[in-house]
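Following: one structure in structure tokens, then a few remarks.
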Amino acid sequence: MNKKLLVVLAFFLAAMTPLTSKACTNYLVTKGASVDGSTMITYAADSHVLYGELYHWGAGEHPAGTLMDVYEWDTGKYLGKISQAPRTYNVVGNMNEFQVSIGETTFGGRPELVDTTGIVDYGSLIYLTLQRATSARYAIKIMSELVNEYGYYSSGESFSIADKNEVWILEMIGKGTQMKTDKKTKKSFNANKGAVWVALRIPDGYVSGHANQARIMNFPVADGKRSITSAEMQKIYDTNVEVVYAADVISFARSKGWFVGDDSEFSFSDTYAPVDFGGARFCDIRVWTMFNKVTPGMDKYWDYVKGNIRHEDKFEDGRPNPNKYATNRMPLWVKPEKKTSVNDMMMYMRDYLQGTELDMSQDFGAGPHQMPYRWRPLTWKVDGVSYVNERATATQQTGFSFVSQARSWLPDAVGGIIWWGVDDANATVYMPLYSSMTTSPEHIERGNGAMMEWSETSLFWITNMISNLSYTRYNMIQPEVTNVRDGLEKMFIERTSSVDDAAMKLYNQDKSAAIAFLTDYSTDQVTRTFNTYKVLYQEMFMKYMDGNMKTRNPGHQNPIVKHPGYSDQFLRKVAEETGDKLKMSGEGH
């Protein structure tokens, strides 16, 4: 068996890479908040060691009693075996054939709550669920059942879960490890197996977001109608239900002494993942940037997202604050003043705090060419004083990112599109991959290269060649990348309606023919993107090598050469730092 096939068959081994802290960003848009009535979520899988490739599982049927191995998504560590589902569904990236999509961001939370005996980690939980779920509500039920039966291996996690009608946010954390021995079998087991969690449906017409800080605070406690506990999980399919939570999410916190007061005062985030400077400045600020673009009034939270957290005895509405929760946090969701399009979602993922006082392209750290990124670590010291590098939504260390779009007015085979791309969101092209497609395009398929394995046919590598070239002279090169990137995305978006129409004509005659057409179309757009970017890199490298800027000179052997040099701000700083050392003698003669 060849190496590529082995990689494809290994269930989770394709992503054997730890994600860094403060990584990943999700934005959530409901039907009533989108331009066309679709639901959308975004996800940036940010990691310095995550290779950007498309995960794909075909649909299948499995005999009763079939077991499957589970490997931790971050590291490839073998965790154990679980029962395979009798039937699994087609999954393309983080979206399945029923237009169900799931994204995540890690908030960590209380470290003592990690279950070292668990079998299902957060990455496996996502992809196992996508292979089994036919709706967002069913996905929540599956996720709850999996961690209850097999244990939850990861730290605290926020999940975005959407289908063609609804968008949910689910936040989950384990209950730690408390080993006991069964008197009969003499086998050890974790008495705290499972997780505590809360899931809320985002109200239609609203948008939400999360970015490595737990965001669910107070929520309606169970009334058996709008809000239910996991003990009433059979009611989850009732569309009146908008809140579901683990039956012990509050009592467990009480048993640990982390919460006092009435159940109605309980805050999941403030209890299990209290916000600190980093949670606001590195994490919630990314949510703020999206909220700030769609609705007025977000200035009141600017002080908070800069890391200035207030803890007072009372909340703004006068309620007592016995647990000393932060009192100036942002709401979980907001009602946008304008509706969001697919292209808007792509652009939200490209934010680097431009237009704010923290725009990294505007301070001296940006260098002579206004680079909006900073190399890690996030924090650093000079003369014993601590400073930060901003953590914006767009970042250099992205493995892959996407915008999922679920459209209820179309059959599932045609309605689901995952706009998917690799590397830095400002360099990536979000390509339309229909979630019914049955094969992976060569340039993004699993096993075509790896983080330390070069591939000439990998879109991840050609995109990184472009982005890393642009980092050398960002204000000159990035505009050219943006022009090509936006041109491709504009063409893809404009063609969507006609592609849908063509697919529907086939679908009405033969569903399999429609899926084959959409598979070919999606593959062709990946190929188009790869070929376009390959030529773009060649052109830019010739144009900008050696610090020059060269353009073709028709009719002449040699190109026109310019020497752009450095910005006045940078040169002035160099002059200040070097004194008379570089000054020309006899200046003025």
Next item on the list: Return one quarter of the surface area of the convex hull spanned by the alpha-carbon atoms of the chain, equal to its mean projected area, in nm².
Entry: 34.6 nm²
Check: Using a basic spin-label model with each label point 7 Å from the Cα along Cα→Cβ, how many nm lie between Thr327 and Trp375?
Finding: 4.4 nm
Next item on the list: Using Cα positions and a limit of under 14 Å, work out the aspartates and glutamates in reach of Lys306, with same-chain residues fewer than 8 apart set aside.
Entry: Asp276, Asp284, Glu357, Asp359, Glu390
Next item on the list: Assuming a ≥ b ≥ c are the square roots of the Cα gyration tensor eigenvalues, decide whether the range 12-134 counts as rounded (a/c under 1.5), prolate (otherwise, with a/b larger than b/c) or oblate.
Entry: oblate
Next item on the list: Between the alpha-carbon centers of the range 260-309 and the range 110-143, tell me the distance in whole angstrom.
Entry: 25 Å
Check: Measuring from centroid to centroid over Cα atoms, what is the spacing of the range 188-228 and the range 84-109 in Å?
Finding: 18 Å
Checklist line | the range 3-365: relative contact order as a whole-number percent, Cα under 8 Å and 6+ apart | finding: 16 percent
Margin query: Give me the net charge for the shell around Ala394: Cβ to Cβ below 13 angstrom, other residues only, Lys and Arg +1, Asp and Glu -1.
Written below: -1
Margin query: Please arrange Met452, Met545, Met349, Met371 by how many other C-beta atoms lie within 10 Å of their C-beta, fewest to most.
Written below: Met452, Met545, Met371, Met349
Check: Label-point separation (nm) for Thr438 and Lys81, each offset 7 Å from Cα along Cα-to-Cβ?
Finding: 3.1 nm
Next item on the list: State whether the range 107-252 is rounded, prolate or oblate according to the following rule on the C-alpha gyration tensor (a ≥ b ≥ c being the square roots of its eigenvalues): a/c under 1.5 gives rounded; otherwise a/b larger than b/c gives prolate, and the remaining case gives oblate.
Entry: prolate
Margin query: Excluding same-chain pairs closer than 8 in sequence, count the lysine pairs in the range 137-295 whose Cα atoms lie under 27 Å apart.
Written below: 25
Check: Using the alpha-carbon atoms, what tilt in degrees (0 to 90, nearest 10) does helix 136-150 show relative to the longest principal axis of the chain?
Finding: 70 degrees
Margin query: Place a point 7 Å from Cα of Val49 in the direction of its Cβ. Which residues in the range 446-467 have their backbone N less than 15 Å from it?
Written below: 450-453
Checklist line | Reachable aspartates and glutamates from Lys562, criterion Cα separation under 19 angstrom, eight or more residues apart if same chain | finding: Glu480, Glu539, Asp546
Next item on the list: Can you tell me how much longer the chain between Asn531 and Ser188 gets when fully stretched, taken as 0.36 nm per residue apart minus their C-alpha distance, in nm with one decimal?
Entry: 117.9 nm
Next item on the list: Taking a cut-off of 20 Å between Cα atoms, list the lysines near Lys490, but don't count ones fewer than 8 places away on the same chain.
Entry: Lys339, Lys534
Checklist line | Filtered GluC sites (Glu not before Pro), the range 439-473: DSSP coil and at most 16 other beta carbons within 10 Å | finding: Glu456
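Read the figures in this text as sums done on the coordinates, not as results from a lab. Just so you know, these numbers come straight off a predicted model, no measurement behind them. FYI the Cβ positions are ideal-geometry reconstructions off the backbone, even for glycines, and counts take in every protein chain you see.
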